[in-house]
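Encoded as structure tokens, the structure appears first; notes follow it.
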Amino acid sequence: MKYRLFIWIMWPSFLVSILAEGLLFSLIHPSELLFFGHRPNISDEGIYTIGFFIIWIFCSISSALTVYILPGICPGTAKDSDQGLI
């Protein structure tokens, strides 16, 4: 059950973060970014990678909150408690 919840949280957030990063960096080039008035000394690929993981963290928090408020999903309940959601 724990692994299923983990996949329910991480897989949709991974897919959405791919789309969000594609949209974000098609509008903004990494060389145009300023952090506290300074340009970061990181390659474009590094900024893409850091941006992807930051977006993925926010998307996974959103997915985790969704799973948390779903009725009938609780790690302490019976093993077959998620059968109504499949």
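Just so you know, all these numbers are worked out from the coordinates, no wet-lab data involved. In this text the structure is predicted, and so the values were computed from the model without any measurement. Positions of Cβ are backbone-derived with ideal geometry, glycine not excepted, and every protein chain shown enters the neighbour counts.
Results, tabulated for the structure shown:
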item: Rounded to whole Hz, the Karplus (6.51, -1.76, 1.60) HN-Hα couplings of the range 42-56, x for glycine and proline; result: 10, 5, 4, 5, x, 5, 4, 5, 4, x, 4, 5, 5, 5, 5
item: The range 26-41 - phi-based ³J(HN,Hα) in whole Hz, Karplus 6.51/-1.76/1.60, Gly and Pro as x; result: 7, 9, 10, 8, x, 6, 8, 6, 10, 10, 6, x, 10, 7, x, 8
item: Order by protection proxy (mean Cβ within 10 Å, highest first), peptides 37-45, 60-68; result: 60-68, 37-45
item: In sequence order, calculated HN-Hα J values of the range 9-19 (Karplus, 6.51, -1.76, 1.60; Hz; x Gly/Pro); result: 7, 7, 5, x, 5, 5, 5, 5, 5, 4, 5
